Amino acid sequence: DLTTILTTTTTTTQQQTTSINDADTFSTHLASALTIWTAEQRKGIWLKIPTTHSHLIAPATLHHGFDFQHAEAGYCVLTKWLPTNSLSRLPNGPTHQVGIGALVIHPTTGKMLAVQEKSGPAAKWKLWKMPTGLADPGEDIAAAAVRELKEETGLDCVFDRIVCFRQSHGG
C-alpha cells in the first residue's frame, strides 16, 4: 500500500498519484502533469504534501511556481493557478481564529460572572474578565463557549445566544 503524496484538485475533478520519493522524479512527473492540466484548461491545482515527503516541496515551489496555501500537523498544501490571463480564484490560507467570551448572568442576583486568569498574558495584570478562549478547529461557537466556561470555572451551562462579535485579522 503506497502512501499517496500528491493530491490534485481542480474545480471539477480530483486525481491521485502514488508515492514518489525522489525529488527529481517528482519534479519530472509534476512538469508533465502541469503540461497536461494546462492543455485541459484546468485552473486551480492543489498539492498536499505530507511532512514525511517535505523534500518534494522545493521542486514544486522553486521550479514549478507553486506557493504555500496552508499547513497543518503532518502536511502542507501548495497551490498554483494555471491560467496566465486571469487572477487566481484560489482561496487564501486560513487567517482568522474564532474567540469566545462567555457572558454569564446570575439568575437571581443579576450579577455578571468575572474571573482572573491564573496563567497567560492577562494573569500578570490580575485583571477581572469574562471567561474567554478560542474555538478549536471545526468547533461551533456555542460548543466553544460552553467548553471554555467549563474549563475556566468548572460551571456547566446551556448556550443561549450570541450577544456580539468582532473580528481580528492575522490568525
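The values are calculated or read from the model by the stated rules, or taken from the named source; none is laboratory data. All values reported here derive from a predicted model rather than from experimental measurement. Here Cβ is always computed from backbone atoms with ideal geometry, including for glycine, and neighbour counts include all displayed protein chains. When the accessible area is computed, the model is the full protein with side chains, heavy atoms only, and any ligands, DNA or RNA have been set aside. Shrake-Rupley method; radii C 1.70, N 1.55, O 1.52, S 1.80 Å.
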Please go through segment 76-118 and give me each residue that is farther than 30 Å from Leu47 by Cβ, over 26 Å from the mean Cα position of the chain (by Cα) and of a type outside the set (A, V, I, L, M, F, W, C), ordered by number.
His106, Pro107, Thr108, Thr109, Gly110, Lys111, Gln116, Glu117, Lys118
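When segment 70-92 is examined, which residues are found to be assigned to a strand (DSSP E or B) and either open to solvent by 30 Å² or more (accessible area, probe 1.4 Å) or of a type in the set (A, V, I, L, M) (or both)?
His70, Ala71, Glu72, Tyr75, Val77, Leu78, Lys80, Trp81
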Restricted to segment 97-121, and to residues that are touching a Gly at 6+ places or on another chain (Cβ under 8 Å) and open to solvent by less than 80 Å² (accessible area, probe 1.4 Å), which residue is nearest to Thr132 (Cα to Cα)?
Ile100
May I ask you to list pairs of residues, at least six apart or on different chains, whose Cβ atoms are under 8 Å apart, with the first in segment 141-156 being under 17 Å from Gln97 (Cβ atoms) and the second being among the small types (Gly, Ala, Ser) and surrounded by fewer than 14 Cβ atoms within 10 Å (Cβ to Cβ)?
none
Being part of a loop (DSSP other than H, G, I, E, B), in contact with a strand residue (DSSP E or B) (Cβ under 7 Å, 6 or more places away or on another chain), closer than 18 Å to Ile105 by Cα and open to solvent by 50 Å² or more (accessible area, probe 1.4 Å) is the filter here, so list the residues in segment 123-171 that pass it.
Met130
Hits in segment 15-68 (condition: in a helix (DSSP H, G or I) and aromatic (Phe, Trp, Tyr)):
Phe26, Trp37
